[in-house]
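Q: Sharing a structure, written as structure tokens. Questions coming.
Derivation of every value follows stated rules applied to the coordinates shown; laboratory data play no part. Fair warning: this is a prediction, and the values are worked out from it, not measured in the lab. Neighbour counts are summed over all protein chains in view; Cβ atoms, including those assigned to glycine, are modelled from backbone coordinates with ideal geometry.
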Amino acid sequence: MKQEYFEIGQIVNHFGIKGMVKVNPFTDDISQFETLGTILVEKNGTLKEMQIEEVKYSKNQVLLKLKGITTVEEAENYRGAYLKIKRQKAKKLPKDTYFIADLIGLPVYTQEGILLGRVDDIYNSGASDIYVVKDEAGKQILLPAIQDIIKKIDLEEEKIIVHVLKGLI
């Protein structure tokens with residue numbers, strides 16, 4: 001089942017004295033904050049739509065001025081809140097590119113049909129993404145997301161087929 005919302009960042013602090021918030025982005029393209037207009041803020045399990053009035057950048061973080069937050073104290077109240085967008089607002093991905101949220105939890109099979117486990121996490125190593133596959137016993141296998149290894153990602157059938165190179169497991 002596809003997720004309805006994507007987390008695209010987390011408020012980690014306030015910025016300045018006019019109620020801006022500092023956001024750790026969870027997206028490859030932080031410029032998308034400029035085109036959103038509104039964002040969903042999840043605080044205490046509740047989603048609240050807020051208008052984005054201004055977007056700035058500081059190092060690898062995004063600074064947002066959200067309508068209704070005008071003081072340091074109000075901004076501080078949102079520390080730890082997650083920022084989400086509806087799937088429909090997400091950028092269209094190029095062919096053979098996937099949202100991490102759609103891959104987490106998918107079962108991973110060898111080309112011979114042997115279940116290796118499920119995708120538990122994905123992180124970027126610089127050269128490529130690394131899929132962390134965890135089996136029922138909790139053992140982890142790290143699979144680089146390269147063509148020689150990842151043979152097929154099938155979101156319809158909800159599975160990933162891999163070719164396991166010697167020494168990888």
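Q: Going 7 Å from the Cα of Glu74 in the Cα-to-Cβ direction, what parts of region 10-33 have a backbone nitrogen less than 12 Å from that spot?
A: Inside the label zone: 18-21.
Q: Once amide H atoms are built 1.01 Å from N in the peptide plane, which residues 5 or more positions from Ala81, or in another chain, come under 5 Å H to H?
A: Correct list: Ile11.
Q: Pairs of alpha-carbon atoms within less than 8 angstrom and 6+ residues apart define the contacts here; what relative contact order does region 1-100 have, in percent?
A: Result for region 1-100 is 38 percent.
Q: Moving on to the next point. Among all the lysines, which ones have a C-alpha under 16 Å from Lys95's C-alpha, if same-chain residues fewer than 8 places away are not counted?
A: List returned: Lys151, Lys152.
Q: Give me the one-decimal nm value for the distance between modelled label points at Ile122 and Asn60, 7 Å along each residue's Cα-to-Cβ direction.
A: So the two model labels end up 1.8 nm from each other.
Q: Let me ask something additional. Cut-off 10 angstrom, C-alpha nodes, Gaussian network model of the chain. Which of Gly117, Gly16, Gly126 fluctuates the most?
A: Among Gly117, Gly16, Gly126, the largest mean-square fluctuation in the Gaussian network model of the chain belongs to Gly126.
Q: Whole angstrom only: what separates the Cα centroid of region 78-134 from the Cα centroid of region 20-39?
A: 20 Å
Q: Continuing with the same structure: If the only charges are +1 at each Lys and Arg Cβ and -1 at each Asp and Glu Cβ, what is the size of the charge dipole of region 100-162 around the Cα centre, to the nearest 20 debye?
A: Computed charge dipole of region 100-162: roughly 180 debye.
Q: Say we join alpha carbon atoms closer than 10 Å with springs in a Gaussian network model of the chain; which of Glu73, Glu136, Glu54 then has the biggest fluctuation?
A: The residue that fluctuates most here is Glu136.
Q: Right, here's the next one. Return the Rg/Rh value of region 100-162, two decimal places, where both radii are evaluated on C-alpha atoms and Rh is the Kirkwood radius.
A: Over the Cα atoms of region 100-162, Rg/Rh equals 0.93.
Q: Can I ask one more? Using the eigenvalues of the Cα gyration tensor, what equivalent ellipsoid semi-axes result for the chain when each is taken as the square root of five times the eigenvalue, whole Å, largest first?
A: Taking √(5λ) for each eigenvalue gives 37, 15, 15 Å, largest first.
Q: Report the per residue volume, in Å³, of the convex hull enclosing the C-alpha atoms of region 58-129.
A: Spread over its residues, the Cα hull of region 58-129 gives 176 Å³ apiece.
Q: Moving to a separate point now. Based solely on its DSSP helices, what 222 nm [θ] is calculated for the chain when runs of n ≥ 4 H residues each add -39,500 (n - 2.57) and the sum is averaged over all residues, nearest 500 deg cm²/dmol?
A: Counting only the DSSP helices, I get -1000 deg cm²/dmol.
Q: Any idea what % of Cα-Cα pairs in region 5-89 are farther than 21 Å?
A: 16 percent
Q: Same structure, new question: From the backbone phi of region 114-119, what are the Karplus-calculated ³J(HN,Hα) couplings (6.51 cos²θ - 1.76 cosθ + 1.60, θ = phi - 60°) in whole Hz, Gly and Pro given as x?
A: Couplings: 8, 6, 8, x, 10, 5 Hz.
Q: Once phi is turned into ³J(HN,Hα) by the Karplus curve 6.51 cos²θ - 1.76 cosθ + 1.60 with θ = phi - 60°, what whole-Hz value does each residue of region 15-31 show in order, with x for glycine and proline?
A: 9, x, 10, 9, x, 6, 10, 9, 10, 7, x, 10, 10, 5, 10, 6, 5
Q: What are the ³J(HN,Hα) values, in whole Hz, obtained from phi via the Karplus relation 6.51 cos²θ - 1.76 cosθ + 1.60 with θ = phi - 60°, for each residue of region 132-140 in sequence order, with x given for Gly and Pro?
A: Each residue's phi maps through the Karplus curve to give 8, 9, 10, 8, 4, 7, x, 6, 9 Hz.
Q: Would you please give the residues with an amide H less than 5 Å from that of Ile150, counting only those at least 5 places away or on a separate chain, with H modeled from the backbone geometry?
A: Residues meeting the amide H criterion: His163.
Q: What residues have an amide H closer than 5 Å to that of Asp121, excluding those fewer than 5 places away on the same chain, when H is modeled at 1.01 Å from N in the peptide plane?
A: The answer is Val132.
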